[in-house]
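Colleague: Take this structure, written in structure tokens, and hold onto it; I'll ask about it next.
Values in this text are rule-based calculations from the coordinates and carry no lab data. Because the structure is a prediction, the values reported are computed rather than measured. Methodologically, a virtual Cβ is constructed for each residue, glycine included, from the backbone with ideal geometry; neighbour enumeration extends over all protein chains shown.
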Amino acid sequence: MKKMKKLKLYSLALLVLTGLFSCETDSDTLTGGAETGGLLTVNSGLVGYVVGNGNDYKYPVKVTVFQGAVLTTKIEIYKSFTTVAGVKSSEILFRTIDIPATPKNQIIDFTVSYNELRAGLTVAGQPLPTDDSLLKIGDAWTLRYVTTTSEGTVHNNSKNTKIAVGTRFAGTYRVIESNYWRLGATPSSWNGDIRVIESVDATTYRFVDYAGPFQAVTNTHYFTISPAGVVQTPQSYKGAAQLLNGQPVINCVESPTSFLKACAFPGPQNTVTKDDVKNKDRIYRTYGYFTAGSGPREFYEVLERIVE
């Protein structure tokens with residue numbers, strides 16, 4: 001169950017990264033073979049690294065060894081890091097795995113954590129940050145595989161594992177609870193609607209096409225989730241005012257007096273809950289916009305990640 005839940009989470013992270021990286025193919029033929037040894041398949045061509053899971057969170061990686069007349073005796077795994085801007089670290093030995101003679105086809109599972117991945121690597125003379133929230137979307141580690149045979153021959157695998165940085169809360173969500181208030185109107189909901197949330201950086205997300213129940217391309221806006229799980233829909237993003245339905249954004253921190261109902265609505269407010277069992281993370285948002293002629297439009301919504 002533990003391995004299954006992690007694999008689901010990484011599958012979600014891969015959806016976020018498809019626009020950034022091309023997946024490696026699942027098979028690889030070395031210069032070695034049944035008679036020369038060293039044959040290896042990289043099953044985990046792309047692993048999604050999810051910012052915010054913690055420095056010791058384990059990400060699974062899998063390769064397959066094929067034993068022939070000449071045996072593969074060990075795999076040396078080398079690691080390096082490349083920033084989204086293309087600046088690369090040096091490459092250092094990460095791990096050595098000894099391979100037994102049998103069975104003929106062997107699946108080799110191992111895990112990596114942030115503390116393990118960052119150890120010993122420097123970029124432009126500086127170590128990787130101790131806090132993974134300082135990583136950027138598109139940063140990535142590369143794991144390179146070198147096999148040694150029982151005859152002492154060394155083979156460099158042409159396929160690597162890329163561990164690419166994404167964020168936990170990007171994905172497709174369903175609205176499971178919602179309320180909309182305006183002066184003189186009965187609260188209404190949009191439960192069951194689907195929303196898309198995209199990663200921008202380690203803490204910033206793009207909410208595509210919607211403000212509460214209202215759909216329009218111009219309603220695409222940005223919100224943040226801090227490492228502590230605090231959700232904020234700021235009034236401005238990159239120096240420009242955020243507008244919903246053409247009106248300025250309001251939130252419970254920067255403009256609490258603009259709200260009449262939503263900020264006092266019972267239940268979790270502007271936070272997240274992580275589901276490490278079923279991966280159905282939830283995001284709780286309270287935000288809105290203010291119309292000068294008729295007052296606030298207030299939204300409370302609970303979004304739950306859709307897990308296929």
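Colleague: In whole percent, what relative contact order does the stretch 140-218 give with Cα contacts below 8 Å and a gap of six or more residues? Walk me through the intermediate numbers first.
Modeller: Values: 113 pairs, mean separation 16.6, N = 79.
Computed over the stretch 140-218, the figure is 21 percent.
Colleague: Which whole-percent values make up P(r) of the stretch 54-127 when all C-alpha to C-alpha distances are grouped in 10 Å steps starting at zero?
Modeller: For the stretch 54-127, the binned pair fractions read 16, 39, 28, 14, 2 percent.
Colleague: Find the relative contact order for the stretch 150-308 and round it to a whole percent, using C-alpha pairs within less than 8 Å whose residues are 6+ positions apart.
Modeller: 22
Colleague: Counting each DSSP H run of 4 or more residues in the chain as -39500 (n - 2.57), what helix-only mean residue ellipticity at 222 nm follows after dividing by all residues, to the nearest 500 deg cm²/dmol?
Modeller: Working: 2 runs with 21 residues, N = 308.
So the calculated ellipticity at 222 nm is -2000 deg cm²/dmol.
Colleague: Right, another one. Would you mind estimating how fast the stretch 147-213 diffuses translationally, via Stokes-Einstein at 4 °C and 1.567 mPa s with the Kirkwood radius over Cα pairs, in µm²/s? Each step should come with its number before you reach the end.
Modeller: Working: Rh = 16.5 Å.
The calculation lands on 78 µm²/s.
Colleague: Follow-up. Quick check on the stretch 199-247: what are the equivalent-ellipsoid semi-axes from the Cα gyration tensor, as sqrt(5λ), descending, whole Å?
Modeller: Numbers: eigenvalues 75, 28, 18 Å².
Here the semi-axes work out to 19, 12, 9 Å.
Colleague: Tilt of helix 2-17 relative to the longest C-alpha principal axis of the chain, in degrees (0 to 90, nearest 10)?
Modeller: 70
Colleague: For the stretch 152-262, what does the convex hull of the Cα positions come to per residue, in cubic angstrom?
Modeller: Values: hull volume 19.6 nm³, N = 111.
Once divided by residue count, the hull of the stretch 152-262 is 177 Å³.
Colleague: Treat each spin label as a single point 7 Å out from the Cα along the C-beta direction, and report the Gln215 to Thr273 distance in nm.
Modeller: Distance between label points: 2.8 nm.
Colleague: Taking K and R as +1 and D and E as -1, what net charge do the other residues with C-beta under 9 Å from the C-beta of Thr147 add up to?
Modeller: On the way: positive: Lys74; negative: Glu76.
Within the 9 Å Cβ shell, the charges total 0.
Colleague: Rounded, prolate or oblate: which one fits the stretch 70-199, using the alpha carbon gyration tensor with axes a ≥ b ≥ c (rounded when a/c is under 1.5, else prolate when a/b beats b/c, else oblate)? Please report the intermediate quantities before stating the final value.
Modeller: Values: a/c = 4.22, a/b = 2.15, b/c = 1.96.
Prolate shape, in that a/c is at least 1.5 and a/b is the bigger ratio.
Colleague: Here's something else I'd like to know. Return the subset of Lys74/Lys162; Lys58/Lys79; Lys88/Lys278; Lys136/Lys280; Lys74/Lys278 for which the Cα-Cα distance in this structure is over 26 Å, preserving the input order. All intermediate terms of the calculation are to be shown ahead of the outcome.
Modeller: Details: Lys74/Lys162 21 Å; Lys58/Lys79 16 Å; Lys88/Lys278 36 Å; Lys136/Lys280 24 Å; Lys74/Lys278 36 Å.
Table pairs above 26 Å Cα-Cα are Lys88/Lys278; Lys74/Lys278.
Colleague: Note down the relative contact order for the stretch 227-302 as a percent, whole number, built from C-alpha pairs under 8 angstrom at least six residues apart. Before the final figure, lay out each step's value.
Modeller: Numbers: 130 pairs, mean separation 23.0, N = 76.
Relative contact order here is 30 percent.
Colleague: Taking the Cβ-Cβ separation of Thr122 and Val154 as r and a Förster radius of 30 Å, what is the calculated FRET efficiency to the nearest 0.05?
Modeller: Values: r = 26 Å, r/R0 = 0.88.
E between Thr122 and Val154, to the nearest 0.05, is 0.70.
Colleague: Taking the structure as given and computing semi-axes √(5λ) of the Cα gyration tensor in Å, which label from [x] 34, 21, 19; [y] 48, 19, 14; [z] 33, 26, 18 fits?
Modeller: Only one listed value fits the structure, namely [y].
Colleague: Quick one, can you get me the convex hull of the C-alpha atoms of the stretch 61-104 expressed as volume per residue in Å³?
Modeller: Convex hull of Cα atoms, per residue: 96 Å³.
Colleague: Run the dipole for the chain about the Cα centre, Lys and Arg Cβ at +1, Asp and Glu Cβ at -1, nothing else charged, and hand back the magnitude in debye, nearest 20. Walk me through the numbers on the way to the answer.
Modeller: Details: 31 positive and 27 negative charges, 84 e Å.
With only Lys, Arg, Asp and Glu charged at Cβ, the dipole is about 400 debye.
Colleague: Suppose R0 equals 41 Å. What FRET efficiency, 1/(1 + (r/R0)^6) with r the Cβ-Cβ distance, do Thr111 and Ala292 give to the nearest 0.05?
Modeller: Values: r = 55 Å, r/R0 = 1.35.
Computed FRET efficiency for Thr111 and Ala292: 0.15.
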